[in-house]
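I have placed the structure first, in the form of structure tokens, so that the comments after it can refer back to it.
Bear in mind that the values in this text are calculations on the coordinates, not laboratory data. Quick caveat, the model's predicted, so the values are computed rather than measured. So basically every Cβ, Gly included, is an ideal-geometry build from the backbone, and we count neighbours across all protein chains shown.
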Amino acid sequence: MADAHLAEVGKLANTYLQQDEAAMRQSSTVRAATDALQNAQYWLQRDPHNAELQSQCRQLQRDLYKAQDSFHRARREAALEKERSEKAEIVAQAEARRAAEIEAEAKEHHLQSWLAVGGLRASHESAWPRLWEEELEHRRAANDAQLYRSIELRSESAPRAAPARPAPAAPEMVMVEAVPDRMPPPSRARGRRPPPVQEEATVSAHVEAPSTPDRPVSVHYGQIGE
């Protein structure tokens, strides 16, 4: 059984090759390239040491190969285009049959409702084209609404990027003078000069303000005038 199938496949392949070769010989481009090569080979046989004829034969041989390749490529492209057209036709026919089935189902359902309210079959038949157009428009609007809703749901469920944290503001420099908390005692005796007060160094502090929970105040101490 398998041998018979392989034999049938081989027979079909040989038939296709023979048809392809026959069609290629009928090609004007291939035929012209073949005639030019045969003419140059004839003169080369009469003068086999002619370098110019040898070069011409090699070039004509390349031209013949190019013509044959172009022919085969065109045949393959035509076959592929025919196959694509046949597939598109099959798909179109299937879609047309499915559309007819959907319309027939909708028509029968609408007819039952039409007859239930006292309508006539003849009047329904005459009004059906308009009713079907309205039904198609209603279905298209429903499909569009469902599509938009699904897009909105996807956009709402998509994770959102966290907002960028603003850069911290530059700290303000505030000058604070620390007052000594120890003062010299007053003199009780009259006419006596109070003892000399030891000079306390006035302290300056540089405070970075304002203070926030994520940015504490930094204080730097030093004597004024330093």
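Evaluating 6.51 cos²θ - 1.76 cosθ + 1.60 at θ = phi - 60° for every residue in the range 63-74, the Karplus couplings come out as 4, 5, 4, 5, 5, 5, 5, 4, 5, 5, 5, 5 Hz, glycine and proline recorded as x. In order along the range 126-142, phi translates into HN-Hα couplings of 6, 8, 5, x, 5, 5, 5, 4, 5, 5, 5, 5, 5, 5, 5, 5, 5 Hz, rounded to whole numbers, per the Karplus curve 6.51 cos²θ - 1.76 cosθ + 1.60 with θ = phi - 60° and x for Gly and Pro.
Label-to-label distance, E156 versus A142, with points set 7 angstrom from Cα along the beta-carbon direction: 2.2 nm. Here each label is just a point 7 Å from Cα along the line to Cβ, and for A32 and E81 those points are 2.1 nm apart.
Straightening the chain between R62 and W132 buys 18.8 nm, computed as 0.36 nm per residue apart minus the Cα-Cα spacing. Computed 3J(HN,Hα) for the range 102-115, one whole-Hz value per residue from the Karplus formula 6.51 cos²θ - 1.76 cosθ + 1.60 where θ = phi - 60°, is 5, 5, 5, 5, 5, 5, 5, 5, 5, 5, 4, 5, 5, 5, glycine and proline marked x.
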